[in-house]
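What follows is a short report on a single structure.
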């Protein structure tokens, strides 16, 4: 009986993955670094403007804006491998534009450092981080911040990616 259940589970997993790949191929991505054809359609391509500080964009029925009033902190937690490391906090404003109670899901975004590597998460160490901001009623706005582990000067990227949705990248140039 266990063998049949495992086989059924494997088949369902394979079907789910193939459906996910088919959906991903069918929907165009909204990456900030992609290009699109210009209006004259003569083969000239114009880059899509990168999203950065002060730009408002829509993701998962939320209007999101990253502010440029960055603050610096030192992570102080003796039990963390990041104890004593620098962290910068970027203000973020989020408005719920959906018809339901909704908020930014902490699993729908990933942070990358200037070297292109995934950053260690620091959100649990700072009260008020957007990762724990919670849901909002329709039309509500919340002011919060997103914390980043500082690994050096350069472009930090936040990649927003909802299940079965578009990917949006925010590029934040940081220098200490």
Normalising by the residue count of the stretch 49-174, find the relative contact order in percent from Cα pairs under 8 Å and 6+ residues apart. 27 percent
Kindly give Rg over Rh for the stretch 84-176, based on alpha-carbon atoms, with the Kirkwood expression for the hydrodynamic radius. 0.98
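Which order do 66, 107, 132, 88 fall in if you start with the one that has the fewest other Cβ atoms within 10 Å? Numbers along the way, then the final one.
Numbers: 66 22, 107 10, 132 13, 88 19.
Least to most surrounded, the residues fall as 107, 132, 88, 66.
Values quoted throughout were computed directly from the atomic coordinates according to the rules given, and no laboratory measurement underlies them. Because the structure is a prediction, the values reported are computed rather than measured. Positions of Cβ are backbone-derived with ideal geometry, glycine not excepted, and every protein chain shown enters the neighbour counts.
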